[in-house]
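The values are calculated or read from the model by the stated rules, or taken from the named source; none is laboratory data. Source: prediction; values computed, not measured. FYI the Cβ positions are ideal-geometry reconstructions off the backbone, even for glycines, and counts take in every protein chain you see.
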Amino acid sequence: MTPNPSPGSGTARPACVLGRKDSYIMKKHHKKLLLEMVVIVLIGVAAGIAFNFRLLRDAATGTFSRTEAGPVIAAADGASMNPAPLAQARELLERNEAIIIDAREGSAFSEGHIKGALSLPIGEFESRLKSFRATTPVHSQLVIYCSGYGCRDSYMLGEKLIAHGYGRILIYEGGYPEWKDAGLPIEGAAP
Amino acid sequence: MTPETRRYILTALRIGLGLVFLYAGVLKISDPKAFASSVAAYKVLPYFFNYLVASTIPWIEALCGLLLITGYRIKATSGLIAAMNAMFIILLASTIIRGLDIDCGCFRQGGDKTSAWTAIGRDVIFLCVALTIFSARGDRRFSTR
């Protein structure tokens, strides 16, 4: 729309036109800036996905990468060690389709653990293995947890168990903190 | 302050912030699984998205750092860094409100825990620096290009 200058105001029209031009340039500049930001983000995302393609594929399918799990997995024929989210761990335990194992220290286990969990601290693995094997068949589906994301004990215990013939292992990565926060059944915790 | 001094200060801030982001990005790129654990500890994303964020955010950080250091697309990069820092501050504040005692996962994964308050303080400084660079005017070499 063309601006209508008021009668007698000789400078009104040029000022108005200049304002519009400024506004147009500003909008164009902002659009360009936004576009540059989007391009930077897209390049970063594309590089990240390309570089971590295997990890993302494994996370999406629930298959733990052999390279991540280490050589122990490859040594055990048909063995698998996969990460399990809360929903999967809960479903398996509710259906009694898995044995839940606590890889934390005995003291942490005593202070509270997932209901029905067996304590098998990574530091006492060798001494407890015999009694563990006597009660837990090697073909059992095991769900191992420790102190949540960032805790590696469950993975280390999983590798040790695979080396001793156990082949069906899930790592519940959220561990005791996530389970407790979700209000799911626990034992041994102070009220 | 003379324009020359101002220019030097802006350059130092730009390169300093760039180095910080490049360092943070590279550290996390080297161990995406550990960073995914840190992201998951915030308890805001579904399972797979923890891995997706952990796989991509460090690359964006490293790229922004590199662009700031080289001085290419400074305005867009500093704007992006400011936006990321604002997002980090909100996330960290949410952990305090929700009573989560977690490591911020900002730089090296594992090791000594960095409290949310410390991380927020650091991010506020980065946000101020990014906004200073973003709003710098009058010198094309240090502002919009």
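Within region B:111-133, being assigned to a loop (DSSP other than H, G, I, E, B) and among the polar types (S, T, N, Q) holds for B:T114, B:S115.
Residues that are over 20 Å from A:L93 (Cα atoms) and not in a helix (DSSP H, G or I) within region A:150-168 comprise A:G150, A:C151, A:R152, A:H164, A:G165, listed in sequence order.
Assess whether A:L142 counts as being at pLDDT 85 or above, more than 28 Å from B:G105 (Cα to Cα), assigned to a strand (DSSP E or B) and within 24 Å of the chain's Cα centre (by Cα).
Working: at pLDDT 85 or above: yes; more than 28 Å from B:G105 (Cα to Cα): yes; assigned to a strand (DSSP E or B): yes; within 24 Å of the chain's Cα centre (by Cα): yes.
Spelling it out, A:L142 is indeed at pLDDT 85 or above, more than 28 Å from B:G105 (Cα to Cα), assigned to a strand (DSSP E or B) and within 24 Å of the chain's Cα centre (by Cα).
Of all residues in region B:86-130, those satisfying the criterion of being within 14 Å of chain A (Cβ to nearest Cβ) and aliphatic (A, V, I, L, M) are B:A86, B:M87, B:L100, B:I102, B:A130. Checking each residue in region B:31-56 for being closer than 13 Å to A:V45 by Cα and buried (at least 23 other Cβ atoms within 10 Å of the Cβ) picks out B:Y51, B:A54, B:S55. When region A:135-169 is filtered for residues that are of a type in the set (A, V, I, L, M, F, W, C) and more than 13 Å from chain B (Cβ to nearest Cβ), the ones remaining, listed by number, are A:V138, A:L142, A:V143, A:I144, A:M156, A:L157, A:L161, A:I162, A:A163, A:I169. Reported count of residues in region A:148-191, each being among the acidic types (D, E), at pLDDT below 85 and in contact with a Cys (Cβ under 9 Å, 6 or more places away or on another chain), is 1. Looking across region A:86-100, the residues that are modelled with pLDDT of 85 or more, surrounded by fewer than 18 Cβ atoms within 10 Å (Cβ to Cβ) and either part of a helix (DSSP H, G or I) or of a type in the set (G, A, S) (or both) come down to A:E91, A:E94.
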